[in-house]
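Everything below concerns the one structure shown next.
Any read-out appearing in this document is the output of simple, stated calculations on the displayed coordinates, not a laboratory observation. Treat the numbers as computed from the prediction; the structure is a model and nothing was measured. All Cβ positions, even for glycine, are placed from backbone atoms using ideal geometry, and neighbour counts span all protein chains on display.
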């Protein structure tokens, strides 16, 4: 066996256990996460990171894949995170990326606040996307911090989920009259077993309500992580 045949044999052996139709199915499913769309797209059309979006869509159509609009905006948001990561400093880009990663079509002409669960997932997924692309992790600047704090405040959070800890100081300025309760919630949340949140009952007390809100976000993140990892395993 010559060296080129040997390399191809190893490549085919690596993907022998993978689902050969997984990439196509993931690209066509509107709920697929951006971090799973990236390797799925790469399997179908090769290295596309420097391509214009229209070139990506045309090449996928050549493979008889008409990418849903939800997945187009996810891929565009993911590529923007790679090329110009203004998600970390521009409030409008931050919001539009959150909507995109939540399988919603962003409206760049209007402010449409996203739910806390979607914001938390987008922050988690953006870091995951940049890791997959080999980019360094970045810190959030003032606009995304302020946006996130307002969303948290309007949904009644006194303590941010861990994914949104960067908004802690901004949120604290909006909840400065609840210092004692915040300390109690932080302490109680730290002591909870996060692997058993789905079976945990929270009392109808100020502290219990806060813990239930944090649990809701954590369970959402766990569910999205589980689904995404299953999709990535199908591509492996």
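Angle of helix 53-62 to the longest C-alpha principal axis of the chain, folded into 0 to 90 degrees and rounded to 10: 50°. Mean sequence separation of contacting Cα pairs (under 8 Å, at least six apart), scaled by the length of the chain, corresponds to a relative contact order of 20 percent.
The helix-based estimate of mean residue ellipticity at 222 nm for the chain, built from -39,500 (n - 2.57) per DSSP H run of four or more residues and divided by its residue count, is -20000 deg cm²/dmol to the nearest 500. Annotation: extensible slack from residue 47 through residue 212 equals 55.1 nm (criterion: 0.36 nm per residue apart, minus Cα-Cα distance). The spacing between region 206-234 and region 85-155, judged by their C-alpha centroids, is 17 Å. Within the listed set 149, 34, 191, the Gaussian network model of the chain (springs between alpha-carbon atoms below 10 Å) gives the highest mean-square fluctuation for 191.
Going by neighbour counts of Cβ atoms within 10 Å, the residues 227, 179 line up, fewest first, as 179, 227. Taking the longest Cα principal axis of the chain as reference, the axis of helix 34-45 is set at about 10 degrees. Cβ crowding within 10 Å, taken as a proxy for footprinting-reagent exposure, orders 209, 84, 159 from fewest neighbours to most as 84, 209, 159.
Residues 70, 109 in ascending order of nearby Cβ atoms (within 10 Å, fewest first): 109, 70. The angle between the Cα long axis of helix 3-14 and the longest principal axis of the Cα atoms of the chain comes to about 40 degrees, rounded to the nearest 10.
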